[in-house]
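Inspection log for the structure reproduced underneath, given as structure tokens.
The values are calculated or read from the model by the stated rules, or taken from the named source; none is laboratory data. None of these values were measured; they are calculated from a predicted model. For neighbour counting, all protein chains shown are included, and Cβ atoms are generated from backbone atoms with ideal geometry for every residue, glycine included. Ligands, DNA and RNA are stripped out before the accessible areas are found, and what is left, the full protein with its side chains, is counted by its heavy atoms. Shrake-Rupley method; radii C 1.70, N 1.55, O 1.52, S 1.80 Å.
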Amino acid sequence: MTPSRHLINASVTLAATLVGVFQAAMVDAHETDYPRPTEDQLKQIEPPLEGAAEFARELYEQGRTAIGEEQMALLRRAMVHFDYARDIDRGRYPNARPRDEDYHRWRGERALQELIDSGAASLQLDFSAGAPPQQQHFPLRFDGINHRLVWKVRRGDGPMRFVRQDLSLKTERYGKHLTLEVAEGTTCFLLNLKDVPTEPATVVFQVARRGEADAFSWHSLQVETTGNGQLAVEIVEDGEPVPAMVRLRSMPSGALWAPQGAVDFRSQLHDVTKLESPPMLDIYGPMGSLELRLPGGFAGHYWVMPKGFEMSVPPGQWELTVWRGLETEPIRQMLTVQAGEWTRQRVELERWTDCAAKGWYSGDDHVHAQMLGGADADRLLALTRAMDVRVSNILAMGDSQRTYFAQRGFGPDFRVHQAGYWLVPGQEDPRSMLGHNIGLNLTAMARDLDRYLLLDWLAEEVHAQGGLFGQTHVGQNVCEAHRGMALMLPFEVYDFCSIMQSHLGTELYYDALDLGFQLTATAGSDMPYAGVLGDVRTYVHLGEKPLTPDAWFDAVRRGRTFVTNGPMLDLTVNGKLPGEVITVDGDSPLRIKASAQGIAGESAPVGLEIVSLSQVVATARPKAEGQDSLSVKLDLAPGDGRWVAARAWGANGSAAHTTPVWVHREGKRCWNRERVQPLIKKQLGVLDEIEFVVAMLEARQAQGKIGPFDFWERLILGQAEPLRGLLNQSRDRYRKLLAQADAESAADPASTPNTEGP
């Protein structure tokens, strides 16, 4: 009996209970559920504060340099809750409870009030009863770039309100005063001062009660811009100018400054939802910067600089940070700028390793950005060169309603190349209840809404184009990756799966490997949702072959990869590289060699492990402070066959992992036979979960609860029967694997266990 037949006839009460389960599964592609308040927390909710969310959003997006780093942490906290409240209001969480939106709104307002009370306001006026006379003239110095100010005006007791206001200082009429309108209580202003004079000036502003024409207090700003100096920075590698990621901060405030000539990607990237902090699903920063979520001390906001820069800056101390990928030593320098003088700095970057010279070439399998013309491509090339990523896969993205991040075309004619760096169009589509799938090296978009859930068709279409088919978000086990993996693994159509996106995750990957599925490990940033192009990456081995996209994709297909966001890895088993197959017919031990290297104090490995059949069989740890490399050599019994991989952990929290070397014994599958039964039970449970969701949706349809705008639901209903057919095929294949495991055990019950160690 199929679950659907039972559920369609279920009671209305049961169907209503299941609606929440289904709707949670239909949450937008890159979202997770939100933190739910307790009953005690709901009792603490206070009435809303006027303008708070809008104030916080503009301060976060446009005025971050108006506050310090400590206040920035409070602002991030406020934004997390404001975004939860906004998304609940927009229906992104259909299973939201009635007062959860109010709770997150209130939590955001509390964090914003704490920010204001912590001293964020650069000007404060207090007109409440008993307050002393207020200062009338205020000196105001500008840095020439950031003109956003946070001001706080108190008038008696009452709630705090938040106002965003533009004030132009371009006026010749002293009688035409600039006005701040205040209400009872405390009014917080986020002021965007425009047309700031370049010479010393006095500007008058007035304070009035809201709704009243006459002001009750007048004040002046003694505006003075600093006498600037000139800063010129040249960035070179091997004596030649190179693109790089640059961060410039005035000290000791830590305020970020945008270097002139930086690349701005906002026209090519979509606004995305900030879910949690840190990290948040949003790489946008102040003034067009991108947030590198690097492990260790070099994380933060950077600008993409196609070359060096020169600009006018206020005198004082400046911190300059230059970052260019994982193979280059990052640079952090302190500079002193004098008024009226030039400060010239030549930054000479040096590689601590040159992977290309060893035949290894980096890539990112998961980048979203519009690429409709030469200007779009030039900006992306500047980024991929600044991050030192040799092959960047720029993916159009789709869902059941539309596509995003448009590409001008696919195939060799639409690849872009510059100085050994490549941009290659591909796709992340479908994104569905079965997870997110990636097609690399395509000649056309593989998209058919009538077969959107039929991943066997999709894999066949991608392979017919000569492309690679894979599942992403596997390492994080989010966006229903477990469903797609469970469904399609026994068809053996995956060329790769992405096990690193912001961090390394191996649960689903090891499950697949232990069932004998030979999957290539890849990594992708998922820009702009989870990171910046190249902050995690896949290295592929080409050996003596020159780098071309086709050679790179062929190496991915053959499994010659490791993934990393820090350490570099080497692994051989009997001289074979990751992805290669060794066939054994005796019990001679496997000769395993592995090494890991990194930057001292940052990506230098603090642990190197050999993993086989999900078990750590050898470990190396540093023996001396400052050690920047580790190595392992061991002999390991081949058993009935096994997979062998290396993984490493950097001092800064970074990680790396290889695709395994596969060791086969004739007549036996390369798997962890001891785990086969529980793993297949787990996979069959996931297949039941998929069918359960479909059946529950049919129950809603039978009750007339599917509306004309329920596009996700209608798509699933239209493909329910062919999807069930695919589920049944998958179940049959798993049952055959169980039978094979039983047959192997029965044929040789005394065979060497797979899990035997060295």
Margin query: Out of all DSSP beta bridges in the stretch 374-433, what portion is antiparallel? Express it as a percent rounded to 5.
Written below: 40 percent
Checklist line | Residues with amide H under 5 Å from that of residue 411, placed H, sequence gap 5 or more | finding: 442
Next item on the list: Would you mind checking which residues have amide H under 5 Å from residue 584's amide H? H placed 1.01 Å from N; only 5 or more apart, or other chain.
Entry: 664, 665, 666
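Quick check on the stretch 322-419: of the DSSP beta bridges with both residues there, what percent are antiparallel, nearest 5%?
Values: 4 of 8 bridges.
Given both bridge residues lie in the stretch 322-419, the antiparallel proportion sits at roughly 50 percent.
Where a ≥ b ≥ c are the square roots of the eigenvalues of the C-alpha gyration tensor, would you call the stretch 363-404 rounded, which needs a/c under 1.5, or, failing that, prolate if a/b is larger than b/c, or oblate?
Values: a/c = 3.88, a/b = 1.62, b/c = 2.39.
The shape class here is oblate.
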Notebook entry, point to check: Taking amide H positions as placed 1.01 Å from N in the peptide plane, with prolines and chain starts having none, which residues 5 or more places from residue 164, or on another chain, fall under 5 Å of its amide H?
Noted result: 190
Notebook entry, point to check: Relative contact order for the stretch 393-487 using alpha-carbon pairs under 8 Å, separation at least 6, rounded to a whole percent?
Noted result: 25 percent
Check: Using a 1.4 angstrom probe with every protein chain in place, what is the largest-first accessible-area order of 429, 378?
Finding: 378, 429
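Taking Cα pairs under 8 Å and at least six residues apart, what relative contact order does the chain come out at, in percent? Let's see the in-between values first.
Working: 1754 pairs, mean separation 77.4, N = 758.
About 10 percent, as a whole number.
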Note to self: Could you give the length gained by full extension between residue 419 and residue 357, i.e. 0.36 nm per residue of separation minus their alpha carbon distance, to one decimal place?
What the structure shows: 20.8 nm
Margin query: Can you say what percent of the DSSP beta bridges in the chain, counting only those with both residues inside, are antiparallel? Round to 5.
Written below: 65 percent
Note to self: Tell me the accessible surface of residue 372 in square angstrom (1.4 angstrom probe, heavy atoms of protein chains only), to the nearest ten.
What the structure shows: 90 Å²
Check: So how do 623, 358, 705, 152 rank on accessible area, 1.4 Å probe, biggest first, that is with the largest at the start?
Finding: 623, 358, 705, 152
Check: How big is the stretch 44-152 in terms of Cα radius of gyration and Dmax, in angstroms?
Finding: 16.5, 54
Item checked: residue 654 - accessible surface, heavy atoms, 1.4 Å probe, Å² rounded to 10 -> 0 Å²
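Using the Cα atoms of the chain to build a convex hull, what is its mean projected area in square nanometres? All intermediate terms of the calculation are to be shown ahead of the outcome.
Values: hull surface 152.7 nm².
For the Cα atoms of the chain, the hull's average projected area reads 38.2 nm².
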Margin query: Nearest 500 deg cm²/dmol is fine: what mean residue ellipticity at 222 nm does the chain get from its DSSP H runs of n ≥ 4 alone, each adding -39,500 (n - 2.57), divided by its residue count?
Written below: -8000 deg cm²/dmol
Item checked: Phi to ³J(HN,Hα) by Karplus 6.51 cos²θ - 1.76 cosθ + 1.60 over the stretch 152-162, Hz, x for Gly, Pro -> 10, 10, 10, 9, x, 7, x, x, 7, 10, 10
Notebook entry, point to check: Counting only protein chains, not ligands or nucleic acids, how are 33, 742, 83 ordered by accessible area (probe 1.4 Å), most first?
Noted result: 742, 33, 83
Note to self: How large is the accessible surface of residue 492 in square angstrom, using a 1.4 angstrom probe and rounding to the nearest 10?
What the structure shows: 120 Å²
Note to self: Using a Förster radius of 25 Å, what is the FRET efficiency between residue 581 and residue 554 based on their Cβ-Cβ separation? Nearest 0.05, please.
What the structure shows: 0.95
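Sort 359-369, 109-119 for me by packing, meaning the mean count of neighbouring Cβ atoms within 10 Å per residue, highest on top.
The peptides rank, most packed first, as 359-369, 109-119.
Using a ≥ b ≥ c from the Cα gyration tensor of the stretch 544-663 (square roots of the eigenvalues), is it rounded, prolate or oblate, where a/c under 1.5 gives rounded and otherwise the larger of a/b and b/c decides, a/b for prolate?
oblate
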Notebook entry, point to check: Which of rounded, prolate, oblate describes the stretch 490-565, given a ≥ b ≥ c as roots of the alpha-carbon gyration tensor eigenvalues and a/c under 1.5 marking rounded, otherwise prolate only if a/b is larger than b/c?
Noted result: oblate
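Going down the table (681/736; 576/736; 545/576; 358/623), which pairs top 23 Å between alpha carbons? Numbers along the way, then the final one.
Details: 681/736 13 Å; 576/736 31 Å; 545/576 17 Å; 358/623 27 Å.
Violating the 23 Å limit, Cα to Cα: 576/736; 358/623.
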Check: Using the Karplus equation 6.51 cos²θ - 1.76 cosθ + 1.60 (θ = phi - 60°), what ³J(HN,Hα) coupling, rounded to whole Hz, does each residue of the stretch 302-319 give in order, writing x for Gly and Pro?
Finding: 9, 10, 7, 10, x, 7, x, 8, 9, 7, 8, 9, x, x, x, 8, 10, 9
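When Lys and Arg each count +1 and Asp and Glu each count -1, what net charge do the other residues less than 10 Å away from residue 574, Cβ to Cβ, add up to?
On the way: positive: 576, 591, 593; negative: 580.
Net of charged neighbours comes to +2.
If each residue of separation counts as 0.36 nm, what is the full-extension length gain between residue 33 and residue 204 once their alpha-carbon separation is subtracted? Show your work: numbers first, answer last.
Values: separation 171, 0.36 × 171 = 61.56 nm, distance 4.96 nm.
My answer for the length gained is 56.6 nm.
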Checklist line | Packing-based order for 84-93, 333-342, using average beta carbon neighbours within 10 Å, highest first | finding: 84-93, 333-342
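Give me the extension gain from residue 742 to residue 677: residue separation times 0.36 nm, minus the current Cα-Cα distance, reported in nm with one decimal. Before the final figure, lay out the partial values.
Values: separation 65, 0.36 × 65 = 23.40 nm, distance 0.94 nm.
Gain on extension, residue 742 to residue 677, equals 22.5 nm.
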Margin query: Output wanted: per-residue J couplings in Hz (rounded whole) for the stretch 652-665, from phi through Karplus 6.51 cos²θ - 1.76 cosθ + 1.60, θ = phi - 60°, x for Gly and Pro.
Written below: 8, x, 6, 8, 8, 7, 8, 5, x, 8, 9, 10, 10, 10
